[in-house]
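Chemist: Supplied in structure tokens, the structure appears directly below.
All of the numbers you see were taken from the coordinates with simple rules; none came from a lab. Nothing here was measured: the structure is a model prediction, and the numbers come from that model. Note: ideal-geometry Cβ built from the backbone for every residue, glycine included; neighbour counts use all protein chains shown.
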Amino acid sequence: MAHKISCIELLPLLVLSGLLFPGTVKFALSTGGTASGCFESEREALAKLKGGLTDPLGRLASWVGKDCCKWRGIACSNLTGRVIEINLHNPYVDDNLSGDLKPGQALGGEISPSLLDVKELNYLDLSMNNFGGTKLPGFIGSLQQLRYLNLWCIFRWNDPSESQESFTTALHLPNCLLSKLPLSLPFINITSLEVLDLSNNNFNSTSPWWLFNLTRLVHLDLNSNSLGGELPDEFANLASLQNLDLSLNSYLEGGLPRSLGSLCDLSVLNLSVNRITGEITDFINGLARCNDSKLENLDLSNNGLSGNLPDSLGNLKNLRYLQFLRNSFQGSIPRTIGNMSSLKEFYVPYNRMSGIPESFGQLSTLVAVDLSENLWEGVVTERHLANLSSLTDLALNKLSPNISLAFNIAPGWIPPFKLRYLYIRSCQLGPEFPTWLRNQNDLKTVVLNNAKISGTIPDWFFQLNMQLDELDVAYNQLTGKPPTSLTFIDDQSNVDLSSNFYEGPLPMWSSNVTTLYLRGNRFSGPIPGNFGELMPYLTDLDISRNALNGTIHLSIGNMANLTTLVISDNYLSGEIPQFWSNLSLLYILDMSNNSLSGPITSEVGFLSSLKFFILSNNNLSGKLPSSLQNCSSLYSLDLGENNFSENIPAWIAESIPPLLILRLRSNSFTGKIPPQICRLSNLHIIDLSNNSLSGLIPRCIGNLTGLKVELTDADTEKYEGRLTVVAKGRFVQYDQSILYLVNSLDLSHNLLSGEIPEALTKLVRLWTLNLSMNHLTGRIPFNIGNLGWLETLDLSNNSLSGLLPPSMTALTKLNHLNLSYNDMSGKIPTINQFLTLDDPSIYEGNVGLCGIPLPVSCPGDEKQPQSPDDGGGNSKSEDGGDDLEHIWFFLSIGLGFSIGFWAVCGTLILKKSWRDAYFGYVDRMKNKLIALVAR
């Protein structure tokens, strides 16, 4: 077990000790200098050192005799004979790859102050031993000549009040589980420090101010911590800095400080795996302004940087390694890239870049380039590759399978390079197999996936005498003979011919092939009986979606290393052979969509590593063997569309807690739904439909946490293959990239009775709920509106009654609803999503329902008045009134007319003065009108 520092708060004295990174340790142990003998005082000092140490394996057994220069781990000066080096690094940690310190192998005890008598000691390495967390000896700071000190993670920290002078120029403290980075070092003089390595600790702070006073610093490594905030402009004070590594902090935020661009002595700058955002134009411009930029390695990978790559990038002519992967850069690679005459490696995968300039072909020193997972478009010609004479590794593929980049290379062109690694995906190389590969006989990896290549692979390709470790020509339109004559020499070789038009018997390769994907072709006939003997080292086999027939042979059980076995979507028949005991490493088993019959035998319990068990759509029968509960790591159990019978066993829930998908639809299961299923907290796709299950829906169903929480992208690794789910009234097939988002509960076509439990409304992430074709009674749960993510709701063909709950109008994502053939009543809502659910068949068979879209109006609906030319109409009002309203309407008109008439005419009759005035006014107006007309 690795020894851990017991006191991690006290940095200052450890800074003065100048501990060095073990990667710099000289692992070869010196046997001494050329001088005869050694100084007696130094021999006695070393003897005292040995006396204070515990040495369980006798590593210091050679420390005898007068010539201490010949003792193991001791080196003396050829000139003075003085001891100058003590190297007692624990070599057993190097052999043990895990890096664990084992007390039986490590030196222990105490470090004797007699070391002060070794006057010219400049190299001391006691790293990876076990001194039990004792205090760092204070006399270490008095070793005046010491320049190299490695006490890596073997002491606890000293009190900072014990201040001493520092003579050291390098401080390496990686992997020491340190948690505090002091903001000041008042007792220590470290201005002479040239190398500072504090990587792989647990600092959670901003960069301390004293860091920027280290004006002689040439190497600064703070990677793999949790440093936060923006990078300060004070970095400009570190003018001598040549190597800066701030990668893997993940908390460094904001834009790149311009001050870094003024560090003209930088040769290595690593800021990868942080949260740096913004554009890099100003930063690169600053670096490019250096008269003689020394930058050789620039790594800005895994950040949030965006914008275009600036033209000034081409001025960094000493740059050899450039890594920009996993950002959001866009646009074209700058044309000035052709000026980067020293560039050897260029990595920009996982961005959004789109253009490749012809000047890219001028990079004669380029060895490896990765342009994968971008948005490339346009045409690549031989000019883009013309002078890449050093190129050995080329990766170029699109972010999506849509092809927008095409190769247009003259048939007779011979490239100047000899590739070893070729990875081209979702770029057009066809329609013919690319002839510019005719001289590429050094190829080991060939990936030409989704490249629009048709026809046959030419004979000249088979005659290149290549020693391949991977061949991937999937998703093309290749025909003819499969390339079985190619030689695979690596003991982990891959072949992928998926989704082509290959025909004939199932092809086989040499025993070195470990992964073989032949799905989606037209291979026919039986699986060869000696398949397992010919390819015993296969780890992954996918021969699905072909036309294979016959039985599954026992020889497959000879593939003891098999982790993936996918033979679905064929015409295989017969029983599954008894080969489970030999496949203990199996991770994925998919035999679905065949005509397999018989029971699942108890030997299936040997598949303890199984994660995906998919046997759906066969003719399998019998009960589920209890040994299946030994497959306790299952994520997906899909046994749908078979003839399994008896009860659904409770041990499914008790013994397989990780289960995400349980699909048992279309079998002959009987009995009740075991309430233990509610314990499956990860379960989020449950399909028990089309069985003969009876009884109540378990009231604990609201405990299914997997239907209440949102899964993340990180969960996608727990899904393989495709799954068919009944959603939106039809069968929908989801692939593994989206399965983690699907939340479905389907209990339809059973004999379930009783009410729908109110607890079901707690499953707030549910997408699809299908309880149709049962004998359910009672009301729809009052709080069903809580299921805000619900898209499909099918409660048809039950005996549900009562009104539609008002909360149903909150189901705004609902796009498929079926409530037909129940006993529900009342008015159908006409707001929110119900405005789009206008198919009358949704509600038919419910005699008590009324309103749009049904032809039955609800009591109180208003009738429209009928007019002679409107073809008739309903005169009834929404309030259920009749012609009485019309009578009142005409009565009110008559009454108003009578009152108005007699109010005027009655006054004229009774008052003579009003009558004379009125008729006089009429006569005057008549005379004026006659006169106007006469003109």
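Chemist: How much net charge surrounds Arg522 when only the other residues with a Cβ under 15 Å from the Cβ of Arg522 are counted, with Lys and Arg +1 and Asp and Glu -1?
Modeler: Local net charge: +1.
Chemist: Still on this structure: Let me see the P(r) profile for the range 429-501: every Cα-Cα distance counted, bins of 5 Å, each bin given as a percent of all pairs.
Modeler: With a bin width of 5 Å, the distribution comes to 4, 17, 29, 28, 18, 4, 0.
Chemist: So, in Å, what gap is there between the alpha-carbon centers of the range 644-677 and the range 403-472?
Modeler: 50
Chemist: Let me ask something else about it. Can you give the net charge of the other residues whose Cβ lies under 13 Å from the Cβ of Tyr350, counting K and R as +1 and D and E as -1?
Modeler: Taking every Cβ under 13 Å from that of Tyr350, the sum is +1.
Chemist: Also, I was wondering about something else. Please report how far the C-alpha centroid of the range 230-252 lies from that of the range 690-765, rounded to the nearest whole angstrom.
Modeler: What the calculation gives is 50 Å, centre to centre.
Chemist: Take the Cα gyration tensor of the range 374-462, multiply each eigenvalue by 5, square-root it, and list the three semi-axes largest first, rounded to whole angstrom.
Modeler: Three semi-axes, in Å: 19, 16, 13.
Chemist: Given a cut-off of 30 Å, name the pairs among Lys672/Lys813; Lys294/Lys398; Lys672/Lys728; Lys623/Lys708 whose C-alpha atoms lie farther apart than that in the structure shown.
Modeler: Violating the 30 Å limit, Cα to Cα: Lys672/Lys813; Lys294/Lys398; Lys623/Lys708.
Chemist: Amide H to amide H, which residues 5 or more places from Lys623 or on other chains are under 5 Å from it, using H placed in the peptide plane?
Modeler: Ser645
Chemist: Looking at the P(r) of the range 317-468, how many percent of alpha-carbon pairs lie beyond 26 Å?
Modeler: 20
Chemist: Quick one: if you take sqrt(5λ) for each eigenvalue of the C-alpha gyration tensor of the range 533-671, what semi-axes come out, biggest first, whole angstrom?
Modeler: 23, 18, 13
Chemist: Here is a follow-up. Which of the peptides 395-404, 507-516 is most tightly packed, and how do the rest follow, going by the mean number of other Cβ atoms within 10 Å of each residue?
Modeler: 507-516, 395-404
Chemist: Skipping prolines and chain starts, which residues have an amide H placed within reach, meaning under 5 Å, of the one on Gly504, given they are 5 or more residues away or on another chain?
Modeler: Ser524
Chemist: Ok, one more. Under a 5 Å amide H to amide H cut-off, with H placed in plane at 1.01 Å, what residues pair with Leu478 once short-range neighbours are removed?
Modeler: Phe501
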